[in-house]
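So the structure is just underneath, and the comments pick up after that.
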Amino acid sequence: MSLLRSLSDGLRSLFRKERVSQELDEELNGFLEMAAEEKMKEGMNRKDALRAVRLERGTLEVTKEIVRSASWESFVETLWQDLRFTARMLRKNPGFTAVAVLTLTLGIGATASIFSVVDAVLVRRLPYRNPSRLVSLYEDRSSTGFHRRQFTPANFVDCKAQTAIFEDIAAIDADRFYNLAGNAGTPERLSAEGVTHNLFSILGVKPALGRVFLPEEDTAGSEHVVLLSYRLWLSRFGGDRNVVGQTVLLDGEKYSVVGVMPPWFSFPNKDADLWVPTAFTPQQLADRGAHFLTIIAALQPGVDVARANAQLRVLSQNLRQQHMDIMRFVDRFVAVPLQEVYTQDVRGGLTILLVAVACILLIACANIANLLLSRATVRQREIALRTALGAGRARIVRQLLTESAVLATAGGMLGILLTKASFTFLKVLIPEDLSRTVSLTFNLRLLGFAILISLVSTFLFGLTPALRISRTDVNESLKEGARAGSGPRNKSLGNLLVVGEVALSVVLLVGSGLLLKTLANLRAVDPGFRSDQVLTAQIDVPDIKYPDFARRTQFFQAVLGRVRALPTVTSAGFTSVLPFTWKSGMGGFLGMAGFQPDEVVRPDLQYGALDRVVSPGYFEAMRIRLLRGRLFDDHDGPDAPSVAIINGTMARKFWPNEDALGKRFRFTLVGGSFRLFQIVGIVDDVKEMGLDEPPKEEMYFPYWQAQGNYMVPSTLVVHTKGDPTSLAGAVREAVWSVDPDQPVSKVVTMDGVLDREVGQRGVQAVLLGGLAALAMTLACVGIYGVMAYLVTQQNHEIGIRVALGAHSRKILGLVLAHGAKLTATGVGVGTAAAFLVTRLMRSLLFGVSPFDPLTFATVALVLTVVAIAACYIPARRASRVDPIVALRFE
């Protein structure tokens, strides 16, 4: 009740001020009369009694102020007065207000924009049930150069039995494709995910329509069922809600639609069009050699990732001892949090960008603080008069902080608008496989962050100037009159802020320089092929339509004949894997023991290498250099001797002291059988795993001799005389002339594939470079402001110097020397800080040291030149001071 009474009385005081004041007057007069009556009882007359009471208790107005100050509405009223006074002051100084708000808009807007990405990608949990307990399992093969490789079905079954670790575990075969006749007869290729029935319950995802898979539908021999993506449901079925229960033809077989997934769901990658049950056979579940499963597991409550990895290590060691022949390359099984799987490639870059925008905000706050210190000279008499009239230091500081808060609020509001406008560009920072699940949205967390940094900014740039200004010496300030000065302490603080701005700019410029150099180095890396004038197209033939190896190979041969006949085509070929598009690990085993077909291959003499199946013309189309021997041709058919081509890395590793050309090795086929292949050619290394990854051992087999190989041709590569994109339609027509129902997808240039490989790093480097340029601009503006203010304050001194005969060049040199001193100090401090910071960027760099002397020297030189240039205008103004005008003004 007392709280409600206090609230009611306070609101009444605010909105019925005159009435409440009158009541307070009456109440205080009543108390005065009562006290006077007590005095009169002691023998005093009324006049003397009233005078004595007033002397004891103060005047009526003082008492009223004391009463009012004890209530909460007094604070609100005073704050309102401060806000109105602030508005008048800012309107009187539109230039200062515009510069301050614009600077804060850039600082707060940039910080909030990058935080929105960090929040969406790194902070916000994935939209699944218990996302903190979801992990992905991999086979770690670091000893062979592959840190993460997909699981085999048999290893999946063994992990599924670990109920002490996992609440549930699901498998995904993400390499399935189905062909479907599209609208108007155009073939359509669909990306499918084979999943175990429990995947959706582990993720806690329910379909938008229908249901998910039943356990009995995930068994070999059961009727075919399918789940559609929301995107496919709209584009293919027009959003028909009666689609559940309908039958669709995939690769010529009937599938019953059981449901449609939600619009945001696209798991495990953004291109998923539909989901089908894995329906493994017992033979498949016993396979320990086929690595194609992505494993998703939910940890038991109370089990953390560290404990799960410890038990998985024991399991993998036991399995390795039991199956040494096939698991000798498996170092361990490893569980990785699901969110980390999606964000590992961008986490470091986003963290650096967040630190960068925090530096931008600090520089912006330092600039505003310098502006406020500069205004202190003008406001010294105002502050002195307010102090002389009874205003306490706390009251003055509160007024000055109110002004800072208004500036920060305006900058924050405009910064929020800038953040929302930046979403269109910043969405490229979201990992590709999260692009459908995660979006940049303006939410309460982002709003709270913007408000928080606005408040922090208020104190960063407002508190120190407010405290410094509030220490004004009343006597000295009123005595000086119009010749108020800032004092040496304000000048020292301003100089310190400039040094800090320059130092932060150095750190950002060095970091961006290293990343831009990394990007340039990646672009300059020889990938082992030439990407210009090359067109690629994905062509996955269905096993139902082409069930046997010969028919499938004849299709490829026929397509190549049609494509090679096109006017601008110089060469064309097929490959099972396009560079940069599959980085999950090794493709096959080869044995180095003996050469007798009936001899048992010793496990300790088996090795792993990347397995590629290609057609004649592939090396020519990609312009992969032949080092020795020959390339494949049409004579390497099914009845010809089995041959292979290897890369230089494989030749050096397995035949280090001899010529590998002509050597033979065993290659393990599907089912565990093997075949002998003779090396007929050695080609240059291709950066299959990434431009910043060392080349792996790689072997190529002609597609006519690849029966029993896990790899099958799927990508057409065409080299043209002109623009490769102009050939896209003709390539599609060439394929459809062989099979009108065969889809052709992912028709892109090889330059586009190469751009995609460096895309995320490129965006991060360019964005950091832009932020560094902004930091340098703000720092130079800060230097300009300090030097301009210095010249204004020393106008009288400069006038005396000129009057006594100082040459204009001398005055120019003095001002420039001061600016150079501040810049040199900032560059020195920033360089030392950059040495500490850049070592943390080591994992993001390629081909450049974190302490690259050229980058450090270039940054120091550029920033010094730009800063001195910023000092030149105030210095030139100082050199032109008219001593008569300066002295007369003073």
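The values are calculated or read from the model by the stated rules, or taken from the named source; none is laboratory data. Just so it is clear, the structure is predicted and the values come from calculations on it, not from any experiment. Reconstructed Cβ throughout: ideal geometry from the backbone, glycine too, with neighbour counts over all protein chains shown. With ligands, DNA and RNA removed, areas are computed over all heavy atoms of the protein, side chains included. Shrake-Rupley method; radii C 1.70, N 1.55, O 1.52, S 1.80 Å.
Stretched out fully, how many nm does the piece from Arg628 to Asn318 gain, at 0.36 nm a residue minus the Cα gap?
Once the chain is fully extended between Arg628 and Asn318, it gains 107.2 nm.
Between Lys810 and Gln344, the simple spin-label model (points 7 angstrom out along Cα→Cβ) gives 6.9 nm.
Annotation for Thr78 and Phe851: the two label points, set 7 Å from Cα along the Cα-Cβ direction, are 5.5 nm apart.
Among the trypsin sites (Lys or Arg not before Pro) found in region 715-762, those both in a DSSP coil and sparsely packed, with 11 or fewer other Cβ atoms within 10 Å of their Cβ, are Lys721.
Using the Cβ-Cβ distance between Gln554 and Ser673 with R0 set to 22 Å, the FRET efficiency from 1/(1 + (r/R0)^6) comes to roughly 0.40.
Available extension along the chain between Leu840 and Arg395 is 155.7 nm, counting 0.36 nm per residue and deducting the alpha carbon span. Accessible surface for Val744 stands near 20 Å², nearest 10, in the context of the full protein assembly shown (1.4 Å probe).
Among Tyr784, Tyr546, Tyr789, the sequence by solvent-accessible area, most first, with a 1.4 Å probe is Tyr784, Tyr789, Tyr546. Pairs with C-alpha atoms separated by more than 29 Å, drawn from the list Lys427/Lys746; Lys517/Lys687; Lys663/Lys687; Lys160/Lys746, are Lys160/Lys746. As a calculated quantity, the FRET efficiency between Leu234 and Ala820 at R0 = 45 Å, using C-beta atoms, amounts to about 0.10.
Across the protein chains, with a 1.4 Å probe defining accessible surface, the residues Arg141, Arg552, Arg51 rank Arg51, Arg552, Arg141 from largest area downward.
Extension gain, Thr464 to Met40: 0.36 nm times the residue separation minus the Cα-Cα distance gives 147.1 nm. Note on Lys427: accessible area is roughly 120 Å² with a 1.4 Å probe, heavy atoms of protein only. Label-to-label distance for Val336 and Ala98 is 5.2 nm, based on points extended 7 Å past Cα in the beta-carbon direction. Solvent exposure of region 93-225, expressed per residue, is 36 Å² of accessible area, with all protein chains present and a 1.4 angstrom probe. Surface calculation, 1.4 Å probe, protein heavy atoms: Asp273 sits at approximately 20 Å² accessible.
R0 = 60 Å: FRET efficiency of Ser435 with Lys47, Cβ-based, nearest 0.05?
Rounded to the nearest 0.05, the efficiency is 0.10.
Label zone (Glu733, point 7 Å along Cα-to-C-beta; backbone nitrogen cut-off 16 Å) within region 530-572: 562-569.
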